[in-house]
Amino acid sequence: MHAFDILGDPVRRRILELLADGELPAGSIAAAIGAEFGISQPAVSQHLKVLRDNGFATVTVDGTRRLYAVDPGPLREIDSWLDRYRKFWTNRLDALETEIRRGRRKISAD
């Protein structure tokens with residue numbers, strides 16, 4: 001699967017957001033995602049499997065628990081790929097920052 005196919009799914013993006021704060025047990029992920037998206041535990045498990053099989057997440061077995069964590073490797077690859085296109089929004093954000101500063105000076109002068 002292509003990285004953007006994997007990240008194109010809102011459930012998988014949300015799982016990665018949860019894991020960005022640190023390792024979580026599968027049960028906690030299933031409960032949070034199930035409540036937020038209204039999907040079953042087996043459906044969440046399928047999303048976790050896609051993330052794991054494609055290198056976006058790792059799993060550690062701790063007794064009866066499975067602990068998931070983000071694997072940053074594929075995200076770094078995406079970031080590197082995006083470097084080529086970053087110039088398209090960086091200049092605009094710099095220009096926006098300049099305009100915001102000008103507006104603040106004008107407001108302060110009034």
Q. Which of the residues spanning segment 1-48 are touching a strand residue (DSSP E or B) at 6+ places or on another chain (Cβ under 8 Å) and of a type in the set (Val, Ile, Thr)?
A. Ile15, Ile29
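Can you tell me which residues in segment 68-81 are buried (at least 16 other Cβ atoms within 10 Å of the Cβ) and farther than 17 Å from His2 by Cβ?
Here is the first cut: in segment 68-81, the residues buried (at least 16 other Cβ atoms within 10 Å of the Cβ) are 68, 70-71, 74-75.
Within segment 68-81, Tyr68, Val70 meet the criteria.
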Q. For segment 1-50, list the helices (runs of 4 or more DSSP H) that sit wholly inside it and hold at least 1 residues that are under 12 Å from the mean Cα position of the chain (by Cα) and either small (Gly, Ala, Ser) or exposed (fewer than 15 other Cβ atoms within 10 Å of the Cβ) (or both); which are they?
A. 3-7, 10-20
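Here, each number is a calculation from the coordinates, and none is a lab measurement. All values derive from a computational prediction rather than experimental measurement. Ideal geometry is used to build each Cβ from the backbone, glycine not excepted, and the neighbour counts take in all protein chains shown.
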